[in-house]
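The structure appears below as structure tokens.
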Ligand code: ANZ
């Protein structure tokens, strides 16, 4: 999803963290750096966050989107997402699940390579360096990662299986080489998937994308369009992501019918329309610029013009809606209902690969058709008018197309019908005479995965002059990305690998004769479309994954990450899962049981990025405040799933909160080990447990932290605190602030890690406050309040209300007529 783009002033790339004021200064003894170091070492030593994948009795797979290790380091948005996911994982673990929380690095791809170009450093060196930095940053967040299953997509032990997946797709007809118009970014010197083009611009560098015709590899995601739509009903995913996916798949229902070409019996042109009711308004037919019929139907006198137009079209910008261009073929189609001759044009606005690549032009009722007709001086014929309109505009020039459904005019025997009725009758008519049928069409395009770049896994295909494209045999995988100093993109439409003869020249796996390797590498979204399967078998050298493990752990229980991947990663993963399922490799059809999109963090309204000069460096915050404060602050800023602007203005709130937690817990004189808590104290504690538990269930981390803050105040105000209250408070805080709670847990004298302790349960009977504070009204006006134990009998409440001095004062000499008690709410005394 494109981020709002607003210019931001350029200044130093990173904002510095403001120094602490004296008010925020740390309390004595709370040395977060020492505490973090101590517990990090101990957790590692105890392998606290490693799960026995084979034996864990209650598996829970807590996944977060693995990062792209850029040179800038993890930014605050990544960290926010990871921390939010970790809070969930920690909580589930305390609830008794064996939580698997793996992490890895999505380290291939254009982004890393572009940075390597800028720096003039080989991407392999730069990536290794970036990964190291990321790993250190990730460790400092306090997340409970199981590092023993780390994966890196650039590792041949990983991409061997990415290539293996490609081979399986190829063998099942789901990877296809096609000559096709593709999006070409002249700056990145490579093709892009449709999903990587935003408003006609390259997603990475904002360069206008051009259209080029190239032989490319596509994965046939369109075969799954309907299932990708249908399965969505069952998915427990953030609604906004589902809406974006539905829209991207873009299902349209309509009529596809064919028309005969005049003077060419036997030659037909098929068009797709969502508005069959407008068929009598057709004044032209338009073909996409590379439509296969063009060659056959173009008349001699138009041949030169058509050829010139076709050549010019490749230079036009893809996605530019403004340009209206076209050329007449000289040929005519016969209107299927009137037999009239309709001129056939070629038009740039018609997409090659949508519907049948041809449209019936109805300028009166479609905006693009009207623009085209006006530009080419073609007639406009109104055939639908608003229902209820008495006068129809049939002649004159039309300034605007009437695009709504309505009532038909000038449409033969369909005149007078509503659009809906005419459409269904027309579809039935075409179906009967075999000239057309009702069809569903999808906007979704096949996934273009060829990249003419260096930094990716080579596509494992060999071209044999005799056998065509042959997959590399599985026992010869991986096809290693060769070492070279000439890794820069060439801009010629071929990858730099094409220049490495020793790589290119090989033999055909079928006949052994000389053959050439494919030299493009695959899109890094293919790497990330299956990483969650690999984590579980990261050390398995013999296969991509162990089916046993998949059976135990998948689908993923909770996936958290950015909504900007709605039509990229999240769509590709769903497709690949379906495909692998159909090939018999996976038991399930949807990869993630739950997906939640964290909100996007912006800075001054703009997406955070280095180029905008508004990076927020989490390292500074982590160094100055420690992970616990930073974690708490990040999630306290607002609801986890809502977008928000980053500011550290209120960071002092989180600083003070944890400082005060430290003070309270180390102020041992107040703590009474054997003190029993009862009455209001007990119910307040249980209400807190319920509040925090409910909020964690819904990822409302901000209100959970607020409740903990409020409860801390209550504890601070008390003379004595029971040990149990402290224990529970620490447990509820533990997912948010893992280090300080672990340290204080130890200081409380608890054995074992707080993170391995059991999440407190609340007692539903204890939730009600032990006392009631009831407003006492005289004739509907509140005159005072009455504090009574909750179990006071009704008659006693009424008596106490009447006897209260303020009540007596107001009643004065009047006679009491009635005393009404609204249970738990108020007492109203009615006088005469
Ligand atoms: C005639 C017509 C009359 C249309 C009218 C619309 C309104 P959606 O809803 O997005 O699926 N179309 C069909 N194939 C096309 C292609 N390859 N490139 C560009 N446009 C194409 O849009 C379907 C409509 O888009 C179709 O219905 C067709 O124009 C056009 F009053 O047919 B219609």
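Just to be sure I understand the curve: with the Debye formula and one point per C-alpha of segment 569-625, what is log10 I(q)/I(0) at q = 0.24 Å⁻¹?
The computed values of log10 I(q)/I(0) come out as -0.94.
What FRET efficiency comes out for the pair residue 649/residue 206, r = Cβ-Cβ distance, R0 = 30 Å, nearest 0.05? Could you put the intermediate results ahead of the total?
Details: r = 31 Å, r/R0 = 1.03.
So the FRET efficiency works out to roughly 0.45.
When 381, 832 are ordered from fewest to most other Cβ atoms inside 10 Å of their Cβ, what list results?
Least crowded to most crowded, the residues run 832, 381.
Dividing the alpha-carbon radius of gyration of segment 229-312 by 2.2 N^0.38 Å (N being the number of residues), what value is obtained?
1.64
Quick one: if you stick a label point 7 Å off each Cα along the C-beta vector at residue 375 and residue 264, how many nm between them?
In this crude spin-label approximation the distance works out to 2.3 nm.
Sum -39500 (n - 2.57) across every DSSP H segment of at least 4 residues in the chain, then divide by the residue count to get the 222 nm mean residue ellipticity, nearest 500. Write down the numbers at each step before the final one.
On the way: 25 runs with 275 residues, N = 832.
After summing the helix terms and dividing by residue count, I get -10000 deg cm²/dmol.
Once you order the gyration tensor axes a ≥ b ≥ c over the Cα atoms, which shape class does segment 697-814 get: rounded for a/c under 1.5, otherwise prolate or oblate by comparing a/b with b/c?
Prolate, since a/c reaches 1.5 and a/b exceeds b/c.
Can you give the angle from 0 to 90° between the axis of helix 156-171 and the longest principal axis of the chain, with both taken from C-alpha atoms, to the nearest 10?
50 degrees
Would you mind putting 148-156, 467-475 in packing order, based on average other-beta-carbon counts within 10 Å, highest first?
148-156, 467-475
Between residue 198 and residue 770, how many nm apart are label points set 7 Å from Cα along the C-beta direction?
Between residue 198 and residue 770, the simple spin-label model gives 5.6 nm.
May I ask you to order 589-601, 522-534 by the average number of other C-beta atoms within 10 Å around their residues, highest value first?
522-534, 589-601
Can you give the direction-averaged projected area of the convex hull of the alpha-carbon atoms in segment 561-686, in nm²?
The orientation-averaged projected area of the Cα hull of segment 561-686 comes to 13.9 nm².
Over all directions, what mean area does the Cα convex hull of the chain project, stated in square nanometres?
On the way: hull surface 197.5 nm².
Mean projected area for the chain: 49.4 nm², to one decimal.
Taking the Cα-to-Cβ direction at residue 27 and at residue 171 and moving 7 Å from each Cα, how far apart do the two end points lie in nm?
6.3 nm
Report the gain in length on full extension from residue 312 to residue 747: 0.36 nm times residue separation, minus Cα-Cα distance, nm rounded to one decimal. Walk me through the numbers before you get to the answer.
Values: separation 435, 0.36 × 435 = 156.60 nm, distance 7.65 nm.
Computed gain between residue 312 and residue 747 is 148.9 nm.
Measure nothing but the geometry: give the 0 to 90° angle between the long axis through the Cα atoms of 239-249 and the longest principal axis through the Cα atoms of the chain, rounded to 10°.
Approximately 0 degrees, to the nearest 10.
How far, in degrees from 0 to 90, does helix 651-666 lean away from the longest principal axis of the Cα atoms of the chain, to the nearest 10?
That works out to roughly 40 degrees.
Looking at segment 35-125 from every direction and averaging, what is the projected area of its Cα convex hull in nm²?
Mean shadow area of the hull around the Cα atoms is 8.0 nm².
For residue 782 and residue 814, FRET efficiency with R0 = 25 Å and r from the beta-carbon atoms, rounded to 0.05?
0.90
Using 0.36 nm times the number of residues separating residue 581 and residue 620, minus their current alpha carbon distance, what extension gain do you get?
Taking residue 581 through residue 620 to full extension adds about 9.5 nm, to one decimal.
Between segment 283-311 and segment 550-616, what's the alpha-carbon centroid distance in Å?
After rounding, the separation between the Cα centres reads 43 Å.
Sort 736-742, 680-686 for me by packing, meaning the mean count of neighbouring Cβ atoms within 10 Å per residue, highest on top.
Highest to lowest by the protection proxy: 736-742, 680-686.
Can you classify segment 625-715 as rounded, prolate or oblate using the Cα gyration tensor, where a ≥ b ≥ c are the square roots of its eigenvalues, rounded means a/c under 1.5, and otherwise it's prolate if a/b beats b/c and oblate if not?
Oblate, since a/c reaches 1.5 and b/c is not below a/b.
Using Cα-Cα distances under 8 Å and only pairs 6 or more residues apart, what relative contact order does the chain have, in percent?
On the way: 1484 pairs, mean separation 129.9, N = 832.
Averaging sequence separation for qualifying contacts and normalising by length gives 16 percent for the chain.
Hey, what did segment 173-242 get for relative contact order, percent, Cα under 8 Å, at least 6 apart?
Numbers: 83 pairs, mean separation 24.9, N = 70.
Dividing the mean separation by the residue count of segment 173-242 yields 36 percent.
Any chance you could list P(r) for segment 716-766, counting all Cα-Cα pairs in 10 angstrom bins from zero, rounded to whole %?
23, 52, 24, 1
Please compute the length gained on full extension between residue 418 and residue 660, using 0.36 nm multiplied by the number of residues separating them and subtracting their Cα-Cα distance.
Extending this stretch completely gives an extra 80.0 nm.
Every number here is computed from the coordinates shown, using simple stated rules; none is lab data. Model, not experiment: these values are computed from the prediction. Glycine gets a Cβ as well: all are built from the backbone with ideal geometry, and neighbour counts include every protein chain shown.
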